[in-house]
1. To the nearest 20 debye, what is the magnitude of the charge dipole of the chain about its Cα centre, counting +1 on the Cβ of each Lys and Arg and -1 on the Cβ of each Asp and Glu?
2. For segment 2-294, which whole-number percentage of the solvent-accessible area (1.4 Å probe, protein heavy atoms only) is attributable to carbon and sulfur atoms?
3. Quick one: what are the phi-derived ³J(HN,Hα) couplings along segment 254-271, Karplus 6.51/-1.76/1.60 with θ = phi - 60°, whole Hz, x for glycine and proline?
4. Could you tell me which of the pairs K59/K208; K208/K262; K2/K33; K59/K219; K15/K236 are separated by over 30 angstrom between their Cα atoms in the structure shown?
5. If you count only protein heavy atoms with a 1.4 Å probe, what accessible area per residue comes out for the chain, rounded to a whole Å²?
6. Cα centroid distance between segment 197-234 and segment 23-88, in Å?
7. Along segment 76-83, what does the Karplus equation 6.51 cos²θ - 1.76 cosθ + 1.60 (θ = phi - 60°) give for ³J(HN,Hα), rounded to whole Hz, x for Gly and Pro?
8. Could you work out the pair-distance distribution P(r) of the chain from its alpha-carbon pairs, with 5 angstrom bin width and percents rounded to whole numbers?
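The values are calculated or read from the model by the stated rules, or taken from the named source; none is laboratory data. Everything quoted here is computed from the prediction, not taken from an experiment. When we count neighbours, we look across all protein chains shown, and the Cβ atoms used for this are built from the backbone with ideal geometry, even at glycine. Side chains included, ligands, DNA and RNA excluded: accessible areas come from the protein's heavy atoms. Shrake-Rupley method; radii C 1.70, N 1.55, O 1.52, S 1.80 Å.
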Amino acid sequence: MKFGAHMSTGGGVWKALERGAGIGCEVVQLFVKNNMQWLGRSYGPDDIARYANELAAEKFSCVFGHTGYLINLGAAAGPNRDRSIQSLIQEINLATQLGLRFLVLHPGAHLGAGDESGITQIVAGLDEVFRATKDAPVRIALENTAGQGSCLGHRIAHIGAIYGRVERPERLGVCLDTAHFFEAGYDLRTPQGWDAAIGEVETMVGLKEILAFHLNDSKTDLASRVDRHAGIGQGKIGKEAFRHIVNDERFANHPGCLETPKSADLHEDVENLSILRSLVETMKTKREPAAVRRK
Ligand SMILES: [Zn+2]
Ligand SMILES: [Zn+2]
């Protein structure tokens, strides 16, 4: 896996790259606009130029976006659904300006209308957004969720259903969050549990659809349905679980992005990145088979 963290764009979108490079990120996730507002302004030539300069100066393996937190495609018709669709269309256009490959999106919450109705709304919303951004190369990576309240996406089957019904599944991808998996009831603490969770994605969506991972520990218990991220090894998943996760050879080149609590000097990110890298087993450190060891 290629490691990095979510970085603030405070002071300008290029600042996220500068900050990420400063602490040794190979991948960076950023918000393309204020994540608590419906609409932002488009980037001017100066923003784009500074961003392009920064991108060229650093050797990131992947830079991608996370959509704003107000967007909910799962709700019934109404002003907030219309705003959600307009907001997502704008984010795809902003991501296109920056050349991002994909934007991570929480599928949405049905707000009491039921799973089936929520999924129908999400599919119709995505279809509308993809029609309005026909030529944009940006994909929408659906993220698995903890399943708080009426949020969909805590079962991989929800994501599979969305994939099965949208008009343009090639515009979709998947982002898997380790904390959300655990909080939703997928026990990633053993290699078998991890393989079972990934196995669901393989069966219901397809392994090649996985575009990124969010590497977060969880403050809450297995199946809590409550989303609280913790630093790697500081939560209920525990450090050892991340060993089989980061060494999964199927994802050797995938982005693995931290979204863990941090302060302004980013020292927690530095620590978490170093923990993740210390868990990576190179050919040399990989356990030798018993027969060889006995010699
Ligand atoms: Zn997210
Ligand atoms: Zn979360």
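1. It works out to roughly 580 debye.
2. Summing carbon and sulfur atoms, their accessible area is 53 percent of the total for segment 2-294.
3. Running phi through 6.51 cos²θ - 1.76 cosθ + 1.60 with θ = phi - 60° gives 7, x, x, 10, 6, 9, 9, x, 7, 9, 4, 7, 6, 5, 5, 4, 4, 5 Hz.
4. K208/K262; K59/K219; K15/K236
5. 44 Å²
6. Taking the Cα centre of segment 23-88 as reference, the centre of segment 197-234 is 22 Å away.
7. 5, 3, x, x, 5, 5, 4, 4
8. Bins of 5 Å from zero give 1, 6, 12, 16, 18, 17, 14, 9, 4, 1, 1, 1, 0, 0, 0 percent of pairs.
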